[in-house]
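Heads up: the structure comes next, in structure tokens.
The values are calculated or read from the model by the stated rules, or taken from the named source; none is laboratory data. Since we're looking at a predicted model, the values are computed, not measured. Cβ atoms come from the backbone with ideal geometry, glycine included; neighbour counts cover every protein chain shown. Just the protein is used for accessible areas: all its heavy atoms, side chains included, with ligands, DNA and RNA removed. Shrake-Rupley method; radii C 1.70, N 1.55, O 1.52, S 1.80 Å.
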Amino acid sequence: MVCEACDGPYARWVVGRGTALCVPCERVGAGRRSREPVLVGEVLGATADALGLASRPDPVVPGPWGGGGAVCRACGGRAAWHRTAGGRWILIQAGEWPVAAVPAGRRWRIAGDGTAVRLGAAAAPSDRCRVGHADVCPARPAPYDSPPLLALWHRNARRAAL
């Protein structure tokens, strides 16, 4: 058997970790806990909340290419509401940008059912993404960490001034 941590030979199955490890790799990880314990009450509470949300009748989720239009209360800019994978709602700015131009924590993709899904850092640079309106709303501080978002912020600020 091959060690899953270092690809070394002579690994053995470690039941507590659910993986095959060689003796040196098993010793290195023996002093550290791989994760914190979780209380059963927390798991049951979160499960009950999730089931409660799932049993409620959902409002119509706007499609990814239209509908669901809204106006930002802070700046008057136009955007669209989309439900996130976690069940919250987010105002998404119109238009798409290259993933490489948008910082990793601010990338969104709209799924076929209209759900907004946050893209991680592992997105392909050739992909395109959307941004949340809060990141480019002129009523909020300017996003100086990203030139493309700053340009969009300035465009929104000019429109809000009209």
First in segment 57-84 and under 13 Å from Thr115 (Cα atoms), second anywhere and modelled with pLDDT of 50 or more and aromatic (Phe, Trp, Tyr), Cβ under 6 Å, 6 or more apart: Gly68/Trp81; Trp81/Trp89; Arg83/Trp89
Selection from segment 129-154 of residues that are open to solvent by 40 Å² or more (accessible area, probe 1.4 Å) and of a type in the set (Ser, Thr, Tyr): Tyr144
All positions within segment 86-109 that are in contact (Cβ under 8 Å) with a residue 24 or more places away in the chain and hydrophobic (A, V, I, L, M, F, W, C): Ile90, Leu91, Ile92, Trp97, Val99, Ala100, Ala101, Val102, Trp108
Some residue of segment 136-144 being hydroxyl-bearing (Ser, Thr, Tyr) and closer than 20 Å to His82 by Cα: no
Every pair of residues 6+ apart whose Cβ atoms lie under 7 Å, when the first sits in segment 115-126 and is without any contact (Cβ under 8 Å) to a residue 24 or more places away in the chain while the second is outside any loop (DSSP other than H, G, I, E, B) and surrounded by fewer than 16 Cβ atoms within 10 Å (Cβ to Cβ): Gly120/Ala104; Ala121/Ala104
Filter result (more than 15 Å from Arg83 (Cα to Cα) and in a loop (DSSP other than H, G, I, E, B)) within segment 108-135: Gly120, Ala121, Ala122, Ala123, Ala124, Pro125, Ser126, Asp127
Residue in segment 71-93 that is modelled with pLDDT under 70 and open to solvent by less than 100 Å² (accessible area, probe 1.4 Å) present: no
Qualifying residue in segment 145-159 (condition: part of a loop (DSSP other than H, G, I, E, B) and of a type outside the set (A, V, I, L, M, F, W, C)): yes
